[in-house]
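Where a number appears in this text, it was derived from the coordinates with a stated rule and is not lab data. Predicted model only: the values in this text are computed from it and were never measured. Note that we place each Cβ from the backbone using ideal geometry, even for glycine, and neighbour counts take in every protein chain shown.
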Amino acid sequence: GITLTPAVVRPLADHPNIVGIKETSPDLERLGIFAGIRPDRFAVLVGWAPVLYPALAAGASGAILAVANVVPDVCVRVFDLVAAGRHEDARALARRLTPLAQMVTTGYGVAGLKMALDLSGMRGGAVRPPLLPPPAGARRWHDAQFLRRFSFCRLSVAAGTRARAELARGPRPARPLS
């Protein structure tokens, strides 16, 4: 990627067609500077889960995270805790989220994300060329790690599974008002 500097971001923040950026580096000082440029109209979104909590505390408006595809409510909960000023709770939850985020993307990239989606009850499916599937045995290891280390995410996975089952059943008939 390209490292943006405050000198580059300032004019971008003033442009009427640009409403924000995704900052994926671990450089929290730079992220904080970006967040302070035009906080009223220019959003800075963190793009790397290991710095989710400190980035939100430094002024990030939100996040775009691969792990949010797997456990969206856990990611939203970190955001809500920071917004409520419950920093210790937010920090603790973000610390628990980080290994899952790293497992989802660092080891196997897109294939790891797809495996985690499959395990969480969603449809990740196979990767498309030119990407390669994970090596043989990776799925078993990935599944075991997910289940062993991330029981705190099970509510998220269960809620997602229920919601997807309801969507698959289709719309419910309207109930008469009484």
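Take the Cβ-Cβ distance between L12 and R140 as r, set R0 to 41 Å, and report the resulting FRET efficiency rounded to the nearest 0.05.
According to the calculation, E is roughly 0.35.
Using 1/(1 + (r/R0)^6) with R0 = 22 angstrom and r between the beta carbons of R86 and V19, what's the FRET efficiency to the nearest 0.05?
Working from the Cβ atoms, E equals 0.20.
May I ask for the net charge around L45, where only other residues with Cβ less than 10 Å from the Cβ of L45 are counted and Lys, Arg are +1 while Asp, Glu are -1?
Cβ neighbours under 10 Å give a net charge of 0.
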